[in-house]
1. Based on what the data block shows, is Leu178 in contact (Cβ under 8 Å) with a residue 12 or more places away in the chain, open to solvent by less than 30 Å² (accessible area, probe 1.4 Å), part of a loop (DSSP other than H, G, I, E, B) and among the aliphatic types (A, V, I, L, M)?
2. Can you tell me which residue is surrounded by the most Cβ atoms within 10 Å (Cβ to Cβ) among those in region 1-50 that are of a type in the set (Val, Ile, Thr) and closer than 19 Å to Gly130 by Cα?
3. Against the condition surrounded by 18 or more Cβ atoms within 10 Å (Cβ to Cβ) and either of a type outside the set (Lys, Arg) or closer than 17 Å to Pro120 by Cα (or both), how does Val149 come out, does it pass?
4. Hey, any hits in region 135-145 for a residue that's crowded, with 21+ Cβ neighbours inside 10 Å and either farther than 24 Å from Leu176 by Cα or modelled with pLDDT under 95 (or both)?
5. Any residue in region 184-202 that is buried (at least 24 other Cβ atoms within 10 Å of the Cβ), free of Cβ contacts under 8 Å to residues at least 60 places away in the same chain and out of contact with any helix residue (DSSP H, G or I) (no Cβ under 6 Å at 6 or more places or on another chain)?
6. Considering each of Ala101, Ala60 in turn, give the residue that is aliphatic (A, V, I, L, M), in contact with a Ser or Thr (Cβ under 8 Å, 6 or more places away or on another chain) and touching a residue at least 12 places away in the same chain (Cβ under 8 Å).
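The values are calculated or read from the model by the stated rules, or taken from the named source; none is laboratory data. Everything numeric in this text was worked out from a predicted model, so none of it was measured. Glycine also receives a Cβ, built like all others from the backbone with ideal geometry; neighbour counts cover every protein chain displayed. Quick note on the areas: whole protein, heavy atoms, side chains included, nothing else; ligands and nucleic acids left out. Shrake-Rupley method; radii C 1.70, N 1.55, O 1.52, S 1.80 Å.
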Amino acid sequence: MILRIACLFNREGLAAFDRESKPGTVDILVLPELFDGGYKRLATERRPMDDLAGLTEQLARLSERHGLTLIAGTVAMPGHNGKMLNASMIFSRGERIATVAKTHLFRPLADDQFFAPGEPAAPLALTCKGQTVRTGIIVCYDLRFPEIVRPWFKSGLDLLVVPARWPRVRDDAWQLLLRARAVENQCFTVGINARDEEGGGSYAFGPGGETAFELGPSVPDPLSWHAFPIDLNDIAAIKARLDTRLDARLL
């Protein structure tokens, strides 16, 4: 099955996608971490969650209008112990079906001052083109902790989505870790990054480590959004040669 995945990089890109994309042509739309202003907004605005209800409604409408699954990067939302959660809202054809919070907090950007840590969420069984796509979601720094993903691999994983604000100075590590998660879990990985001063490149890799999408941090980018295909049949082809789940021991 070929899936059409699209990505955009900030809240302003939502209107361009809505205007330019034909409904039914994209299966999954992904946004980056803190797409509604980034850490800069958190540091300068006292109440970054004021427009959360309006933003949630906008995302739900877009998902419904285009008949797609929307993995809405992350936004700041109410948490506990006086702190917020850095969490992704997931919508399917207008319905909010899940919320996934960042598990590991990146201290150099004061994540731990703004947010409380979340807990890993089970992969979602997304319905695309009448088939189930087992999709795990982790956020940015979580990518450095592969133990989150390994149980998902053992039970079956097609797609790992990573919304991020991964700095361009560590772009090599970002690509390396995305590719590693793809190869070791025999799945597709999609890492969608902010394009502002807090972000960098965005990439997708197939189950054999092949590049499925690449938008490097230094590439001039006049577009508001991008779309690319992935062929989930590649997973079966890889596993026909070597299905590492048969030998995996989760220690």
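1. In short, no.
2. Start the filter on region 1-50 by keeping residues that are of a type in the set (Val, Ile, Thr), which leaves 2, 5, 25-26, 28, 30, 44.
Next cut, closer than 19 Å to Gly130 by Cα only: 2, 5, 25-26, 28.
Numbers: Ile2: 11, Ile5: 26, Thr25: 12, Val26: 21, Ile28: 23.
Only one residue fits best here, namely Ile5.
3. Criteria met by Val149.
4. No, region 135-145 contains no residue that is crowded, with 21+ Cβ neighbours inside 10 Å and either farther than 24 Å from Leu176 by Cα or modelled with pLDDT under 95 (or both).
5. Yes, some residue in region 184-202 is buried (at least 24 other Cβ atoms within 10 Å of the Cβ), free of Cβ contacts under 8 Å to residues at least 60 places away in the same chain and out of contact with any helix residue (DSSP H, G or I) (no Cβ under 6 Å at 6 or more places or on another chain).
6. Ala101
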